[in-house]
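Presented below is the structure to which this report refers.
Every number in this text was worked out from the coordinates using simple rules, so none of it is lab data. This is a predicted model, so every value here is computed, not measured. Methodologically, a virtual Cβ is constructed for each residue, glycine included, from the backbone with ideal geometry; neighbour enumeration extends over all protein chains shown.
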Amino acid sequence: MNTIHSRVKSRRTESSLGAEREHFDKQQLSSISKAINSTETPVKEKHARRIILGTHREKGAYTFWSYALGFPLASNSILSWKFCHVLHKVLRDGHRNVLQDCMRHHSSLVEIGKLWGNLHDKYGQLVFLYSKLLCTKLEFHVKRPTIPPNLEVTDEVLERTAGTDINNVFQLTVEVFDYLDTELRLAETVIRQLNTSIAISTLTSGQCRLSPLIQVIQDCSHLYHYTVKLLFKLHACLPADTLQGHRERFHDQFHSLKTFFNKARDMMYFKRLIQIPKLPDSPPNFLHAASLAKHVKPVVVMANEDEPEQQDDDDDDPEPLIEVSDFATSSVQAQPQELDIFDQAFGPANGGFDDRDLQIESLKRDLELLRADLERVKAEAQRYITQLKSQINSLEAELEEQRAQKQHALVENEQLRMELEATRRRNAEHEGLQTTFIEADQRAQATEQRYNKLKEKHTELVASHAELLRKSADTVKMLSATQQTQEEVERTKHQLSFEIDRIKQEADMKLEEQKFEMEKLKRELEEKMAEVMRIKATLQSSEKTSGQMNSSMTALQAEKERLMRSVSEKEAELSSLRQTAQVQQSSLQQERERSSRELGDLQGKLQEKASQEEQLKQKLLEEQFALLQGTITEAENIIQDAVAKLDDPLHVRCTSSPDYLVSRAEATLGSIDKVKKGHADYLSNMGDAGGLLRALTQFSHLAADTIVNGSATAHMAPVDHADRLTENCRGCATQSLQYLKDLKSKTTLQRADPASVRIIVQKILHLGQELRPKGMDIRQDELGDLVDKEMAATSAAIEEAVRRIDEMMNQARKDTSGIKLEVNERILFSCTDLMKAIRMLIIASTDLQKEIVESGRGAATIKEFYAKNSRWTEGLISAAKAVGWGATEMVESADKVVLHTGKYEELIVCSHEIAASTAQLVAASKVKADRNSKKLSVLQQASRHVNEMAANVVGSTRTGQEHLEEKDTMDFSGMSLIKLRKEEMESQVKVLELESQLENERLRLGELRKKHYNLAGVPPEQVSEGNGDTSSLAHPASMSPKPKPALMKKPAMAQKPNMLPKNTFK
């Protein structure tokens, strides 16, 4: 028994806390070193399991990080890859505190990833992606603590995490998307670097890359399930269009995840380690809520195959508790001792047979019996040994339990210390609350003083009420303002009283909470005392059970006494805290009394401030009116300057268009409305004249602009309109100055009215509208119908022209013959071809116009589109009219040529006009057409065809003219030198006359075109002296902006077509 007792005691010494910690550190260092190395082999499961068990034993990953940070991760990519793999395992299966310990080293992970991401190394790129995955995992689970790092939560926990706020659900979905993206990106990169054949997946180099994908598969299965759940919840609350991006992103992730699972399922390495789930053939349909019932959560099953764990060389062999070899030795030595006793009693044996043989036989039988007894004793001893071993084990278990209780007591002591610190912090917060209460009390006292002052002011106002009733309307308004101030004071009083009550309630609640906290701490201390008593009872029972635990009980008793002392110290601190709270409460009461005295002083100051505010208000009214007078004076100067320009000789050269005058007059009418509104606002609140000042400034500038532009427009108008316009401009200036004069005086400020100014400006507006070009009289709502009418009229004119040409062809065949019939047929055939080409052009233009309207109108109607684009619409109308008119004129000219009553030149000019009109129609259609439109290409081809047919008409006409005209032969052989000289002079005179006539006709043509542009709405200054194009030069003396381009401008004459050969009609 002494031997057993000594061995148990030595075993207890070896199992001390220091030795256990040393053994734990040694084992963890060995496992971490063997799991994280530079060998290109996968991490063994037994080493990773020991590291994970170590995190559960120490309730964190402090030991793991203390050893892991010592590895040269920046110098070896395989070492960094295996470190990331082990860290991923620890995060998934380690203790829950591992997440916080790893988050402290988040920056180290980021730096490792950036380092290897910048290097061109295969493992380096994998380390970069793995570190990014781990950082994303840490950030996600720290932000969402309800979801553990192994992602194994129920649907109810996921619902609680998402909550009912749709914004939170939306944000959580995006975070899960990002999480799954990092997982899939790592898996795709690993598989892309490896050949998916069986040989590669069975090599150690391939398995080193593939082994972390087991954790990736486990993560992806859960993340896929969470994504489906969250997307169905989003689709139940948000419209489908809003979640279009989410669905597209999910579809991409679904196909990537399915491809990854299929490839991994085909690899031999994964077949014996993990059972990978199969995803459905198509992603879920989130637009139908019933599809959620068809969704099946993918489940990953790990194979039940453990790696054979071989005993490491450095592992310690378990030492047996009791050595039983001494018993065997004693049993072996027992037999020789018995033989010696036999020889001493009976002497040595001899070879003879005597009477002692019987004794020998009996002794042998006795010896057998003794041997049987010896075996029985040995068995009994072995049984006793077994019982002693079981007792030793039970005692060791009790010892471990006592150690655990001791550790628990230490933890509770630490918790008590932390609670004490929390109590001290709460006391500090209580002091801060007391300070806040003092400030609030001061504010309440100040408010009460202000209320008393306002109450006294109210008494004075009531006393002077009878006198105030006899004052003017301004005084009545001031009284009403004072009454409003009184109501505000009453409201302020109620608010302040409510605020005081609320602050008092908050202070009382804080005191109650502190009392409750003190009582809670007291109850917790009592519970700790009861726990200590239970520990004491347990220790006493342990003493009764085994006397061998006396030393441990003594230590626990000392610990108990120390805890009792700490409890008594806590109680003393609580009593001191109670006394401190009472002292602070008395100080608060004193501060409240002092604040009430200060409140009376502040009430007097409030009355002084009220009188100062009244003086400042009166001063503000005077300053606002002075500012109004200054603005009115400046406005009068602006209008007087505009009136002075009416008589300025330099202003006679300035011109303006009626359109610009109308726009200025309409703007002036709008500013008059603003002035009227600002005037009303100023009368209602004379302390704010900002609106009236802004309106007067705008009105003065717009009125002066209307007066100046009205005078400039009168310079181009007829005499009657010019006189009336000038007179109205002067009247506008007079009425505006009179209105400003009324605003300038306080006596006439109330009755100032801009109605007379409005009437004069409306007269100017009507005169400007009368002076507009007549082509603009069409209402915009009629433009759409007019376009269709003009296009239809043009088509009808073309059809009528073709019909009349056919009639002329038949009539020419009856009336003429020979060369005349041939010439007439040529001309009429070319005219018919031209009409057909024009008809095709009209059809192409109509189709393109419909395409432009359909693509540009949007939700508006066709008429609204035409009205919105009125300039373009009027251009189309003008071009259609020109084409129809040209076709009609050509038919008339062809009829005259066939009947020999007209000239061939008329037919040529008509061809040029038609070519120019069709060019204008094409240009008008091309403005808003799409460059890539097929119908635009058809229109351009039709336009080129029209030009060719017009050239054919010109060529046919000139060729026929050459064939029909008889030219005299020039025979000068019988003339003398003097006669020839005379004829030459006469020819020169005739040439000069014809050139003069040509020049006069050109001048006449230019004037006709100017008149045409003037009627079309283009000012004469914009018409150039060439082919009638508008000039883009602006006149510096003009008072109006650059006029808009002409809408109904007559097109320029087409270029002269190529002549046909003379032998065409032969």
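Using r as the Cβ-Cβ distance of residue 30 and residue 76, and R0 as 22 Å, what FRET efficiency do you calculate, to the nearest 0.05?
The formula returns an efficiency of 0.65 here.
In whole Å, how far is the Cα centre of the range 566-583 from that of the range 242-289?
Using only Cα atoms, the two centres lie 63 Å from each other.
When the chain is fully extended, how far beyond the present Cα-Cα distance does residue 388 get from residue 282, taking 0.36 nm per residue of separation?
31.3 nm
In what sequence, highest mean first, do 246-258, 641-653 appear when ranked by Cβ atoms within 10 angstrom?
Per-residue mean Cβ counts within 10 Å order the peptides as 246-258, 641-653.
Using modelled backbone amide H atoms (1.01 Å from N, in-plane), which distant-in-sequence or interchain residues come within less than 5 Å of residue 274's amide H?
Placed amide hydrogens put 303 under 5 Å from residue 274.
Going by average Cβ neighbours within 10 Å, how do the peptides 220-232, 688-700 rank, with the highest at the top?
Answer by packing, highest mean first, reads 220-232, 688-700.
Once you place label points 7 Å from the Cα toward the Cβ at residue 53 and residue 716, how far apart are they in nm?
Those two pseudo-labels are separated by 10.2 nm.
Could you give the nm distance between label points at residue 644 and residue 367, where each point is 7 Å from its Cα heading toward the beta carbon?
So the label points at residue 644 and residue 367 sit 16.0 nm apart.
Could you give the length gained on full extension between residue 380 and residue 741, defined as 0.36 nm per residue of separation minus the Cα-Cα distance, in nm?
In short, 116.5 nm is gained.
Between the alpha-carbon centers of the range 718-776 and the range 801-850, tell me the distance in whole angstrom.
Going from one Cα centre to the other spans 60 Å.
Just order 727-736, 820-829 by mean Cβ neighbour count inside 10 Å, highest at the front, would you?
Values: 727-736: 21.3, 820-829: 19.6.
Ranking, from highest mean packing down: 727-736, 820-829.
From the phi angles alone, apply the Karplus equation (6.51, -1.76, 1.60; θ = phi - 60°) to the range 686-691 and give each ³J(HN,Hα) in whole Hz, x where the residue is Gly or Pro.
7, x, 9, 9, x, x
So what's the gap between the Cα centers of the range 389-407 and the range 889-918, to the nearest angstrom?
The distance from the Cα centre of the range 389-407 to that of the range 889-918 comes to 128 Å.
By how many nm would the segment from residue 119 to residue 396 grow when fully extended, if each residue of separation counts as 0.36 nm and the alpha-carbon distance is taken off?
On the way: separation 277, 0.36 × 277 = 99.72 nm, distance 5.62 nm.
Difference between extended and current length: 94.1 nm.
Would you please classify the overall shape of the range 20-145 from the alpha carbon gyration tensor, given that a ≥ b ≥ c denote the square roots of the eigenvalues, rounded means a/c under 1.5, and beyond that prolate means a/b larger than b/c while oblate covers the rest?
Judged from the Cα gyration tensor, the range 20-145 comes out oblate (a/c at least 1.5, b/c at or above a/b).
Evaluate the distance, in nm, between pseudo-label points positioned 7 Å from the Cα of residue 766 and of residue 157 along their respective Cα→Cβ axes.
Placing both labels 7 Å beyond Cα along the Cβ direction yields 8.5 nm.
Using each residue's phi in the range 31-46, evaluate 6.51 cos²θ - 1.76 cosθ + 1.60 at θ = phi - 60° and report the 3J(HN,Hα) Karplus result to the nearest Hz, with x for Gly and Pro.
Using θ = phi - 60°, the values come out as 5, 5, 5, 6, 7, 10, 9, 8, 7, 7, 9, x, 6, 6, 5, 5 Hz.
What are the ³J(HN,Hα) couplings of the range 723-738, residue after residue, when phi is run through the Karplus curve with 6.51, -1.76, 1.60 and θ = phi - 60°? Round to Hz, x for glycine and proline.
With coefficients 6.51, -1.76 and 1.60, one gets 5, 5, 5, 5, 4, 5, 5, 5, x, 4, 5, 4, 5, 5, 5, 5 Hz.
Indicate the gyration tensor shape class of the range 647-772 (rounded, prolate or oblate), computed on the Cα atoms with a ≥ b ≥ c the square roots of the eigenvalues: a/c under 1.5 is rounded; otherwise a/b larger than b/c is prolate and the rest oblate.
Prolate shape, in that a/c is at least 1.5 and a/b is the bigger ratio.
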